[in-house]
Amino acid sequence: MKKDILKLTKYYAKNFSELSIDNYKDIKKIISKKIVFSDPFHKTLGKTKFLSIFKKMYVDFDNPKFIIDDISASDKSGYIKWTFLGITKKNKKIKIIGISEINFDNEGKVLKHLDHWDSFSQIFINLPIIGIFIKRFLKV
């Protein structure tokens, strides 16, 4: 079972590393209709909502990219360590490092995609106004 999960996870990760504005909808072929997705800002159920997050990513960022840093699997889940790189419309570079926990259904489609990353240290602390207060409070 672990070999199968690793193989499916590698395939899913490959699709993410190749995402673009032109092909992001193609990922719907390998996800369940009932996909559950969560990250620090979203909790969704279903293909349409899942795909809308990635559509919005291409609106909010110029040339967003996921770099796959590592892939592993257990008997129950696949894990993808990734780095997200993007440039905001205000020309600010964004770099987020995280891990996705992936679960598959009996057909080998992605049933759960749970992203784990620290929004505080990677996003909020770098915001113009709130970041100043956070840095002063934490003396960073």
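Assuming Asp118 fulfils every condition listed in (1) modelled with pLDDT of 95 or more; (2) open to solvent by 40 Å² or more (accessible area, probe 1.4 Å) apart from one, which condition is it?
Evaluating Asp118 over (1) modelled with pLDDT of 95 or more; (2) open to solvent by 40 Å² or more (accessible area, probe 1.4 Å) leaves (1) as the failure.
Given Asp22, Asp26, Asp39, Asp75, which one is in contact with a helix residue (DSSP H, G or I) (Cβ under 9 Å, 6 or more places away or on another chain), without any contact (Cβ under 8 Å) to a residue 12 or more places away in the chain and among the charged types (D, E, K, R)? Full working, then the answer.
Details: Asp22 fails: in contact with a helix residue (DSSP H, G or I) (Cβ under 9 Å, 6 or more places away or on another chain); Asp39 fails: without any contact (Cβ under 8 Å) to a residue 12 or more places away in the chain; Asp75 fails: without any contact (Cβ under 8 Å) to a residue 12 or more places away in the chain.
So the residue among Asp22, Asp26, Asp39, Asp75 that is in contact with a helix residue (DSSP H, G or I) (Cβ under 9 Å, 6 or more places away or on another chain), without any contact (Cβ under 8 Å) to a residue 12 or more places away in the chain and among the charged types (D, E, K, R) is Asp26.
State all residues of the range 20-37 that are within 17 Å of Gly78 (Cβ to Cβ) and either hydrophobic (A, V, I, L, M, F, W, C) or modelled with pLDDT under 95 (or both); if no residue qualifies, say none. Break it down into steps so the answer makes sense when it comes.
Residues of the range 20-37 that are within 17 Å of Gly78 (Cβ to Cβ), as a first pass: 27, 30-32, 35-37.
Residues satisfying the conditions are Ile27, Ile30, Ile31, Ile35, Val36, Phe37.
To keep it simple, each residue is scored yes or no on (1) touching a Gly at 6+ places or on another chain (Cβ under 8 Å); (2) closer than 22 Å to Tyr58 by Cβ; (3) not basic (Lys, Arg).
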{"position": "Asp70", "(1), (2), (3)": "no, no, yes"}
{"position": "Lys76", "(1), (2), (3)": "no, no, no"}
{"position": "Lys89", "(1), (2), (3)": "no, yes, no"}
{"position": "Lys93", "(1), (2), (3)": "yes, yes, no"}
{"position": "Glu107", "(1), (2), (3)": "no, no, yes"}
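Residues Ile5, Ile21, Ile35: which one is among the β-branched types (Val, Ile, Thr) and more than 23 Å from Glu107 (Cα to Cα)? Break it down into steps so the answer makes sense when it comes.
Numbers: Ile5 fails: more than 23 Å from Glu107 (Cα to Cα); Ile35 fails: more than 23 Å from Glu107 (Cα to Cα).
That would be Ile21, the only listed residue that is among the β-branched types (Val, Ile, Thr) and more than 23 Å from Glu107 (Cα to Cα).
Could you say which residue among Lys56, Lys14, Lys34 is part of a strand (DSSP E or B) and surrounded by fewer than 13 Cβ atoms within 10 Å (Cβ to Cβ)?
Values: Lys56 fails: part of a strand (DSSP E or B); Lys14 fails: part of a strand (DSSP E or B).
Every option except Lys34 fails the conditions.
Give me the residue from the range 37-53 that is open to solvent by 70 Å² or more (accessible area, probe 1.4 Å) and not aliphatic (A, V, I, L, M) and, out of that set, nearest to Gly98 (Cα to Cα). Walk me through it before giving the result.
We begin by selecting, within the range 37-53, every residue open to solvent by 70 Å² or more (accessible area, probe 1.4 Å); these are 41, 43, 45, 48-49.
Checking the rest, the ones that are also not aliphatic (A, V, I, L, M) come to 41, 43, 48-49.
Numbers: Phe41: 14, Lys43: 16, Thr48: 23, Lys49: 21 Å.
Result: Phe41.
The values are calculated or read from the model by the stated rules, or taken from the named source; none is laboratory data. Predicted model, so just to flag it, every value in this text is computed and none were measured. Don't worry about glycine lacking a Cβ; one is built from the backbone with ideal geometry, like all the others, and counts go over all protein chains shown. With ligands, DNA and RNA removed, areas are computed over all heavy atoms of the protein, side chains included. Shrake-Rupley method; radii C 1.70, N 1.55, O 1.52, S 1.80 Å.
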